[in-house]
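Before any comments, here is the structure.
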Amino acid sequence: MSVDQTQRSIRCLVAKVGLDGHDRGAHVIARAFRDAGFEVIYSGLHKAPEDIVQAAVQEDVDVLGISILSGAHNTLVPKVIEGLKEYDAFEDTLILVGGVIPDEDKADLKEMGVAEVFGPGTKMEETIQFVRENVPER
Amino acid sequence: MSADVRGLVDDLLDGHQRALARTITKIENREPGYRDLVSALYEHTGNAEVIGVTGSPGAGKSTLVDKLTETYRDRGHTVGVIAVDPSSPYTGGAVLGDRIRMASNVGDMDVFFRSMSARGNLGGISTATADAVKALDAFGKDKIIVETVGAGQNEIDIVRTADTVAVLVPPGSGDEVQTLKAGILEIGDVFVVNKADLPGSDRTVQELKEMIQLAGDTGSPASGGGHHGPDQHALGDAEAGADDDEDDEAGWTPSVVETVATDATGVDDLIDALAAHREYMSESGRLDEKARTRTAEEIRLLLREDASGLLERELDRRGGIDALVESVRAGETDPYAIADDVVAPIEDCLDERR
């Protein structure tokens with residue numbers, strides 16, 4: 001092994017935004033990402049969109065996974081995206097949303113810049129595969 | 001230096017969060033150009049006060065760092081925090097869980113918090129952390145806190161990048177034999193008994209003070225040897241932790257501070273203790289001495305890395321390490337002969353140039 005070799009590792013922020021107090025899914029995905037060899041930062045519960053932006057910017061994550069079960073995705077996700085744009089972090093962050101999202105909202109989220117929406121019952125391997133294939137080149 | 005690197009350095013010095021974040025990533029990944037980057041930042045470093053915080057898992061490091069940061073912010077300082085967490089030796093994956101406890105500072109962009117994974121890399125992580133500290137220093141942070149789990153030599157190297165090291169010891173963390181063991185307790189400039197509201201904390205404080213006293217009496221380098229000879233304090237003396245003025249001349253006697261991180265009790269005392277150590281370091285000239293030692297180590301480490309890179313390429317040119325191993329297994333040669341063989345031409349080159 002050469003000492004000069006780069007040591008790239010996929011960094012992910014698993015985020016809970018807003019009042020939604022259920023983070024079992026976020027824990028499960030954090031663990032699955034860890035076992036896939038990613039470096040995972042978990043935000044903790046009840047974070048404001050700007051808190052998530054701060055974490056994503058400072059940690060320079062490749063992937064931002066937002067888990068939302070409360071139905072507030074249409075107000076919270078755009079705020080996060082705006083914040084990322086403000087810090088020039090939007091272009092090279094892969095944004096994923098997980099949780100209960102009605103079909104009619106999915107198109108809007110994707111329009112905004114969310115790469116994919118993963119609903120209940122999505123296989124973990126599918127999400128991990130998606131990250132591996134779509135992680136932004138830098 | 002490439003235009004990219006120049007741009008990144010300029011943005012960082014201009015105070016762009018994203019540039020600082022990207023710089024640390026480059027350092028962590030050892031991306032091409034990262035050395036130029038650190039090189040360019042070097043002249044802008046040297047103004048920050050670097051504090052290392054370590055201790056066993058569950059000692060309350062993150063919560064205390066959070067409150068420490070909050071207090072520094074209240075006093076008008078800007079703060080950078082680097083939290084190092086272990087990674088899986090099998091997959092390289094990691095959950096970097098300390099950010100969650102930085103609740104008091106969330107949303108405050110004048111606190112730059114960055115998680116780093118050990119990436120299963122012996123030695124390399126301390127270089128990366130030291131370089132990330134330089135990035136935060138060049139960015140203009142007044143206080144930089146490096147937090148790591150004190151679980152092995154690797155972590156001890158990391159906190160050594162700090163001017164002052166605080167070691168957290170939870171109450172009731174074992175009998176006195178634990179405090180006799182080598183390692184983590186030897187690196188502390190300040191000991192913090194966190195969770196001091198729990199039963200057993202008095203005893204832990206007492207044990208730490210005895211340990212410090214004992215280290216002073218047995219003539220550790222820091223205490224200047226024979227100083228204490230004639231009037232040794234009895235073991236277990238209640239005054240054991242109280243240092244006199246003579247001690248300050250001879251060396252630093254680690255202080256013991258009690259805190260309850262969850263409600264910020266004792267955080268002011270801790271800041272005083274850290275400041276006292278800093279003052280001692282600065283007045284005694286040890287801060288300069290430490291900086292010199294660190295620079296020497298840095299030069300040596302970089303040279304070792306470069307040399308081992310050279311040697312790896314030479315090994316590849318000679319058919320790779322596997323082929324050489326096979327020839328040793330087959331009894332054709334031995335590792336010593338191979339080493340001599342590979343290094344000899346390099347020696348010759350250096351001799352010729354002299």
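The values are calculated or read from the model by the stated rules, or taken from the named source; none is laboratory data. Remember, predicted model here, so these are calculated numbers, not experimental data. Backbone-built Cβ (ideal geometry, glycine too); neighbour counts: all protein chains shown. Calculation scope for accessible area: heavy atoms of the full protein, side chains included, ligands and nucleic acids excluded. Shrake-Rupley method; radii C 1.70, N 1.55, O 1.52, S 1.80 Å.
For this structure, a couple of remarks:
- Listing of the range B:48-91 residues, each with accessible area lower by at least 20 Å² in the full protein assembly than in the chain alone (probe 1.4 Å): B:Thr91
- Principal axis extents of the C-alpha atoms in the range A:38-109 (largest first, rounded to whole Å): 32, 23, 23.
- At 1.306 mPa s and 10 °C, Stokes D of the range B:1-87 from Kirkwood alpha-carbon radius, µm² per second: 105 µm²/s
- Structural descriptor for chain A: relative contact order 24 percent, calculated from alpha carbon pairs under 8 angstrom and at least 6 residues apart.
- Å² of accessible area per residue within chain A, as computed with a 1.4 Å probe and no ligands counted: 46 Å²
- Per-residue HN-Hα couplings for the range A:28-42 [Karplus 6.51, -1.76, 1.60; θ = phi - 60°; Hz; x = Gly/Pro]: 4, 6, 4, 5, 5, 4, 4, 5, 7, x, 8, 9, 10, 10, 9
- Total buried accessible area between A and B, probe 1.4 Å, nearest 100: 3000 Å².
- Largest first, the three principal axis extents of the alpha carbons in the range B:29-143 are 38, 37, 23 Å in whole numbers.
- Expected 222 nm ellipticity per residue - DSSP helices of 4 or more, -39500 (n - 2.57), all of chain A, to 500: -13000 deg cm²/dmol
- Pair-distance distribution of chain A: all C-alpha pairs, bin width 10 Å, starting at 0; shares per bin in whole percent are 12, 47, 34, 5, 2, 0.
- Kirkwood Rh, Cα atoms: Rg over Rh of the range B:48-106: 1.02
- By the Kirkwood approach, averaging reciprocal distances over each pair of separate Cα atoms, the protein assembly as shown gets a hydrodynamic radius of 24.9 Å.
- Heavy-atom accessible area for A:Asp51, with the other protein chains in place and a 1.4 Å probe, reaches approximately 20 Å².
- Maximal additional length on extending the B:Leu214-B:Asp306 stretch stands at 28.9 nm, based on 0.36 nm per residue less the C-alpha distance.
- Accessible area (Å², 1.4 Å probe, nearest 10) - A:Lys110: 90 Å²
- Other protein chain Cβ atoms within 10 Å, averaged over every residue that makes up A:54-66: 5
- Amide H contacts of A:Tyr42 (H built 1.01 Å from N, in plane; Pro and chain starts excluded): A:Val14, B:Leu96 sit under 5 Å, all sequence-distant by 5 or more or on other chains.
- Gaussian network model of chain A, springs between alpha carbon atoms under 10 Å - residue of A:Asp92, A:Asp35, A:Asp20 with greatest fluctuation: A:Asp35
- Share of carbon and sulfur in the accessible area of the range B:1-149 stands at 49%, probe radius 1.4 Å.
- Sorted peptide list for A:22-32, A:37-47, criterion being average Cβ within 10 angstrom, highest first: A:37-47, A:22-32
- Exercise: per-residue mean of other protein chain Cβ atoms within 10 Å, A:31-40: 5
- Heavy-atom accessible surface of the range A:1-72: percent carbon and sulfur, 1.4 Å: 55 percent
- Proximal charge balance of B:Met102 [Cβ under 12 Å; K/R count +1, D/E count -1]: 0
- Per-residue mean of foreign Cβ neighbours for B:94-106 is 5 (Cβ atoms of other chains, 10 Å radius).
- For the range B:10-25, residues shielded by at least 50 square angstrom of accessible area compared with the chain on its own, probe 1.4 Å: B:Arg18, B:Arg22
- Restricting the calculation to alpha carbons of the range B:308-354 gives Rg and Dmax of 11.9, 39 angstrom.
- Taking the centroid of alpha carbons for each part, the range B:251-287 and the range A:66-138 are 45 Å apart.
- Average accessible area per residue (Å²) across the range B:1-152 - probe 1.4 Å, nucleic acids and ligands excluded: 34 Å²
- Per-pair calculated FRET efficiency, R0 = 45 Å: A:Lys106 and B:Tyr42 via Cβ, rounded to 0.05: 0.40
- Integer Hz, Karplus 6.51/-1.76/1.60 couplings in order for the range B:294-308, x for Gly and Pro: 5, 5, 4, 4, 4, 4, 4, 5, 5, 4, 4, 4, 4, 4, 6
- To the nearest 10, the accessible area of B:Lys209 is 60 Å² with a 1.4 Å probe.
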